[in-house]
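Heads up, the thing below is written out as structure tokens.
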Amino acid sequence: MRAAESVTTSTSPDGAHALRWHRKDLLGLRELSAAEINFVLETTDAFKQVGTREIKKVPALRGKTLVNFFVEPSTRTRTSFELAAFRLSADVINISASTSSLTKGETLKDTARNLEALHADILVLRHSSAGAPQFLAQRLKASLINAGDGAHEHPTQALLDLYTIREKRGKIAGLHVAIIGDILFSRVARSNIFGLVKLGARVTLVGPSTLVPREFEKLGVEVSHKIDNVLPNADVVNLLRIQHERQRKEYFPGIGEYTRFFGLTKERAKLLKPDCLIMHPGPINRGVEIDSDIADGLQSVILDQVTNGLAVRMAVLYLCGGIST
Amino acid sequence: MKQTKQNSSTAVPIMDAEAIRRALQRIAHEIIERNPQLEKVVLAGIPSRGVEIARRIAGFILEIEKVELEAGVIDVAMHRDDVGTRPELPVVRASKLPLPLEGRTVIVVDDVLYTGRTVRAAMDAINSFGRPARIQFAALIDRGHRELPIRADYVGKNLPTSMNEKVQVHIGGADQPEGVWLTKPKTANESC
């Protein structure tokens, strides 16, 4: 009888989930393994289901305090994190740059230490400087979730994009994903590239050469400056918002010209495969990177992304905020 | 008693596959007896072994009464009261219950009843889906040491244990051979 030996194994009957989560912080997708990314996506399945219940709230993070610390303006990401925290029964405080003491000259570290002195358990940080989350994560006991740092990473946005692709197409490996627009200044693009490449997708970046330099090929992706060549064989197109507020003249000739060369117009959309997904992290500039009819069309999964964003953020808060530190 | 060779702990066999089969068959009979409106019963297994046990009980009820019960999954991980106190989180899985629950009897099914905290979490989880007429509980093993005022309605086997022992249930999928073992701590055995 070899029972004594076999009982020490912890494999569940369905054989799944050999991996367990050990991270207190989510800083970016660059440092996550494919297995960890898949683990978050599987956990998201469970939390998405909570949204269909009569009582859309679970006690998982009851008694924990989450601070939404948004040094850079954001409405949708902040409210998504806020609602995710409510659904997990955590208490939430929102602090924006204008209401914080940062404007009075307090350093980022001092502000964060003050938040920690209030026994905040989870800090969700949006910051205009790349690396700010890493800086704080090393210095704080609280869990740190990166909600976007400069042009560096926006991990929960990429996770919700991955989740949406997986949900709609049943897989990610082998799919051809085109990311179109301002790649150079986009943290969404970077996080998406890391995640998609790790999960085995083929990625093509599309945009003007000033915003999509060939340097990106080092990350394992293809670069194209001709959208019409890429659209016919894409399984997913992810259109990034043209960030007027960050554009400088030397990178970007003008909105009209961008739309003419890279906008997903009604005419261009005819080049797409019938089952190609159209994604956009929002907020969309109708008539700039995407035509209004296309944004509201059958291939568009833009609103699914919003719904899935809530579930992904619940999963991330549960995983990072739920482990004892 | 003979020691199991080279193992740090000793596993005492409690039930084999045949004993599990008979116990689950008896539970099926008891469920039929206590629920005259059998078609209103929903079996909700707690992942992962409770799901398999619920599936087998449903199989016996179909054999005996020709009634096919609705089977569901109730995940308790996000309803537990010890999140944040353990270095490893329990894996969460999606729950699946036939809705609405109003007017139904939900029978929660698990492999081992111990402190009662898992069942409490399961009841909370069920209530977030709606308000069933009643909730009952079936466990393959009741090992005692309750920390909450909870009892099982259907028990496969009562197994007196001490708190430093472990009960291992192998049923379904990769769990081979099937059976139930009681694992005693190392020191207790060596001193014998």
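Could you please find all residues in segment A:299-325 being of a type in the set (S, T, N, Q), part of a helix (DSSP H, G or I) and in contact with a His (Cβ under 9 Å, 6 or more places away or on another chain)?
Just the residues of segment A:299-325 that are of a type in the set (S, T, N, Q), to begin with: A:299-300, A:305, A:307-308, A:324-325.
Checking which are part of a helix (DSSP H, G or I) leaves us with A:305, A:307-308.
Correct list: A:GLN305 only.
If B:GLY130 satisfies all but one of (1) more than 29 Å from A:GLY321 (Cα to Cα); (2) open to solvent by less than 70 Å² (accessible area, probe 1.4 Å), what's the number of the condition it fails?
Answer for B:GLY130: the failing condition is (1).
Within segment B:65-110, can you find the residues that are of a type in the set (A, V, I, L, M, F, W, C) and either farther than 20 Å from B:ARG49 by Cα or not in a loop (DSSP other than H, G, I, E, B) (or both)? Step through it out loud before you land on a result.
The first filter runs over segment B:65-110 and keeps only residues of a type in the set (A, V, I, L, M, F, W, C), leaving B:67, B:69, B:71, B:73-74, B:76-78, B:83, B:89, B:91-92, B:94, B:97, B:99, B:101, B:106-109.
Across segment B:65-110, the qualifying residues are B:VAL67, B:ALA71, B:VAL73, B:ALA77, B:MET78, B:VAL83, B:LEU99, B:LEU101, B:VAL106, B:ILE107, B:VAL108, B:VAL109.
What number of residues within segment A:18-40 are more than 12 Å from chain B (Cβ to nearest Cβ), among the hydrophobic types (A, V, I, L, M, F, W, C) and in a helix (DSSP H, G or I)? Let's see the steps before the verdict.
The initial filter retains those residues of segment A:18-40 that are more than 12 Å from chain B (Cβ to nearest Cβ), namely A:25-38.
Next cut, among the hydrophobic types (A, V, I, L, M, F, W, C) only: A:26-27, A:29, A:32, A:34-35, A:37.
Okay, now just the ones that are also in a helix (DSSP H, G or I), so A:34-35, A:37.
Going through segment A:18-40 one residue at a time, the tally reaches 3.
Give me the pairs: first residue in segment B:40-64 and away from chain A (no Cβ under 14 Å) and farther than 20 Å from B:ARG134 by Cα, second residue open to solvent by 50 Å² or more (accessible area, probe 1.4 Å) and of a type in the set (S, T, N, Q), beta-carbon distance under 9 Å, and six or more apart or on different chains, which are they?
B:PHE60/B:GLN25; B:GLU63/B:GLN25; B:ILE64/B:GLN25
How many residues are assigned to a loop (DSSP other than H, G, I, E, B), more than 7 Å from every other protein chain (Cβ to nearest Cβ) and among the charged types (D, E, K, R) when one looks only at segment A:41-56? Outline the logic, then answer.
As a first pass, look at segment A:41-56 and keep what is assigned to a loop (DSSP other than H, G, I, E, B): A:51-56.
Still in the list and also more than 7 Å from every other protein chain (Cβ to nearest Cβ): A:51-52, A:56.
Keeping just the survivors that are among the charged types (D, E, K, R) gives A:56.
Result for segment A:41-56: 1.
When you scan segment A:58-153 for strands (runs of 3 or more DSSP E) that lie fully inside it, which ones turn up with 2 or more residues that are without any contact (Cβ under 8 Å) to a residue 40 or more places away in the chain? Outline the logic, then answer.
On the way: elements: A:65-70, A:91-96, A:122-127, A:143-149.
Here the list reads A:91-96.
Within segment A:31-44, track down each residue that is under 20 Å from A:ASP304 (Cα atoms), in contact with a helix residue (DSSP H, G or I) (Cβ under 8 Å, 6 or more places away or on another chain) and not aliphatic (A, V, I, L, M). Quick ask: steps written out before the conclusion?
Residues of segment A:31-44 under 20 Å from A:ASP304 (Cα atoms): A:37-38, A:40-44.
In the following step, the residues that additionally are in contact with a helix residue (DSSP H, G or I) (Cβ under 8 Å, 6 or more places away or on another chain) were identified as A:37, A:40-41, A:43-44.
Those that are under 20 Å from A:ASP304 (Cα atoms), in contact with a helix residue (DSSP H, G or I) (Cβ under 8 Å, 6 or more places away or on another chain) and not aliphatic (A, V, I, L, M): A:THR43, A:THR44.
What strands (runs of 3 or more DSSP E), lying completely within segment A:179-244, carry at least 2 residues that are touching a residue at least 60 places away in the same chain (Cβ under 8 Å)?
Numbers: elements: A:202-206, A:222-224, A:236-239.
Per the criteria, A:236-239.
Could you tell me whether B:VAL83 is touching a residue at least 12 places away in the same chain (Cβ under 8 Å), open to solvent by 10 Å² or more (accessible area, probe 1.4 Å), within 13 Å of chain A (Cβ to nearest Cβ) and aliphatic (A, V, I, L, M)?
Working: touching a residue at least 12 places away in the same chain (Cβ under 8 Å): no; open to solvent by 10 Å² or more (accessible area, probe 1.4 Å): yes; within 13 Å of chain A (Cβ to nearest Cβ): yes; aliphatic (A, V, I, L, M): yes.
Answer is no for this residue.
Which residues, taken from segment B:120-157, are in a loop (DSSP other than H, G, I, E, B) and away from chain A (no Cβ under 12 Å)?
Residues satisfying the conditions are B:ALA133, B:ARG143, B:GLY144, B:HIS145, B:ARG146, B:GLU147, B:LEU148, B:PRO149, B:ILE150, B:ARG151, B:ALA152, B:ASP153.
The values are calculated or read from the model by the stated rules, or taken from the named source; none is laboratory data. The structure presented is a predicted model; accordingly, all values stated were derived computationally and were not measured. Cβ: placed from backbone, ideal geometry, glycine included. Neighbour counts: every protein chain shown. To get the accessible areas, we keep the full protein, side chains included, count just its heavy atoms, and leave off ligands, DNA and RNA. Shrake-Rupley method; radii C 1.70, N 1.55, O 1.52, S 1.80 Å.
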